[in-house]
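Nothing in this text is a laboratory measurement; each read-out follows from the coordinates by a stated rule. In this text, all values refer to a predicted model and were calculated from it rather than measured experimentally. Note that we place each Cβ from the backbone using ideal geometry, even for glycine, and neighbour counts take in every protein chain shown.
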Amino acid sequence: MNLDFQPLGDTAIRVSFGNEISKEINQAIRLFTNGLSQNPIYGVIEWIPTYASLTIFYNPALIAYKEMLNKLIEIKDHIKETNLPSAKIYEIPTYYGGETGPDLAYVAKYNNLTEDEVISIHTGTDYLIYMIGFVPGFPYLGGMSNKIATPRQEKPRTRIPAGSVGIAGEQTGIYPLETPGGWQIIGITPLKLYDQTKERPILLSVGHYLRFVSVSYHEYLEIKKAVENGNYQVKTYKKEEGMDYVFN
């Protein structure tokens, strides 16, 4: 895989891995970020992965562009052939339908399905987290079945509650904060995808997966109470998907 290194102003370098959205490119980005974590570069502030690129921000008063570029190339060369670290699967308990999933019936009707069939399809996939953006903690997911693909709302709502699970086109996602939005809302999770009171405020991580699990309204309320009390442990599982990559 050929990587392209380009300066982004005088405080960042963007590494391009390709020009398409794919699991393979996402995994290559994970490999590179793993290399950054294992080989810290003095002066690096943070890095932000997207669908097909990785932007590394640095302090030019601490490290010059050329030195920074050489360090990144060293990391690339160091991981020419390596196994991808195991990804996690986050379990996302979700209450479907009702007042908190007002568009479930529409999604079912649009796709000539029953509501139970929509739920079964939606919970039957492990969704790859490609990137986090839009608002803090919002996961851009891949892997939703086109059997439940549904257009956005013609008129966006001015208020979507935090935790709402929605569908827009061939994508599904979770609103981490209360915001306006035009996605078809089919359910809600009691988990907090963004909690500014925590040392690590964003729950999910790029390159890992999430799995929606249908729960009853009673279970939803119990989990919500546990989350609010700070004694709910998010369930995670190990996903085996080792792959070999050669970077050029």
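Can you bin region 36-80 into rounded, prolate or oblate? Criterion: square roots of the alpha carbon gyration tensor eigenvalues sorted a ≥ b ≥ c, rounded for a/c under 1.5, prolate for a/b above b/c, oblate for the rest.
In terms of gyration-tensor shape, oblate.
Need the full-extension length gain, residue 86 to residue 200, defined as separation in residues times 0.36 nm minus the C-alpha distance. One decimal, nm.
Gain on stretching residue 86 to residue 200: 39.0 nm.
If one computes the Cα centroid of region 134-195 and of region 94-117, what distance in Å separates the two points?
If you average the Cα positions of each part, the centres end up 14 Å apart.
Which peptide among 47-53, 64-70 comes first, and what is the full order, when sorted by highest mean count of other Cβ atoms within 10 Å?
Highest to lowest by the protection proxy: 47-53, 64-70.
For residue 65 paired with residue 14, estimate the spin-label separation in nm (one decimal), with each label point 7 Å from Cα along the Cα-to-Cβ line.
1.5
Treating only the Cβ of Lys, Arg, Asp and Glu as charged (+1, +1, -1, -1), what charge dipole size does region 87-239 show about its Cα centre? Round to the nearest 20 debye.
Approximately 380 debye in magnitude.
Are any of the pairs 23/192; 76/239; 192/224; 192/238; 192/225; 88/235 more than 18 Å apart by Cα-Cα distance, and if so, which?
Where the Cα-Cα span goes over 18 Å, the pairs concerned are 23/192; 76/239; 192/238.
Hey, which aspartates and glutamates would be in cross-link range of residue 109, C-alpha to C-alpha under 20 Å, not counting anything within fewer than 8 residues on its own chain?
Qualifying aspartates and glutamates at Cα under 20 Å: 99, 117, 154, 170.
Once the mean 1/r over all distinct Cα pairs of region 156-206 is inverted, what Kirkwood radius in angstroms do you read off?
One over the average 1/r among Cα pairs gives 11.5 Å for region 156-206.
Given the options 116, 103, 126, state which has the largest fluctuation in a GNM of the chain using a 10 Å cut-off (strictly under) for Cα springs.
For the chain, modelled as a Gaussian network with Cα springs under 10 Å, the answer is 116.
Give the residue from 165, 127, 28 lying farthest towards the positive end of the charge dipole for the chain; charges sit on Cβ (+1 for Lys and Arg, -1 for Asp and Glu) and the dipole is referred to the Cα centre.
It is 165.
For region 131-177, restrict the atom set to alpha-carbon positions and state the Rg and Dmax in Å.
Computed over the Cα atoms of region 131-177, radius of gyration and Dmax are 10.9, 29 Å.
What shape does region 87-239 have by the C-alpha gyration tensor, where a ≥ b ≥ c are the square roots of the eigenvalues, rounded means a/c under 1.5, and otherwise prolate means a/b greater than b/c and oblate the rest?
rounded
Taking springs between alpha-carbon atoms closer than 10 angstrom, which of 15, 44, 118 fluctuates most in the Gaussian network model of the chain?
For the chain, modelled as a Gaussian network with Cα springs under 10 Å, the answer is 44.
Which residue, 179, 100, 123, has the most motion in a Gaussian network model of the chain that connects Cα atoms within less than 10 Å?
Looking only at 179, 100, 123, the largest GNM fluctuation is found for 179.
Could you work out the Rg to Rh ratio of region 4-79, with Rh taken as the Kirkwood radius (inverse of the mean 1/r over all Cα pairs)?
Taking Rh as the inverse mean 1/r over Cα pairs, Rg/Rh reads 0.94.
For the ranges 160-173, 180-193, what's the packing order if you count other beta-carbon atoms within 10 Å of each residue, average per peptide, and put the highest first?
Top to bottom by mean Cβ count within 10 Å: 180-193, 160-173.
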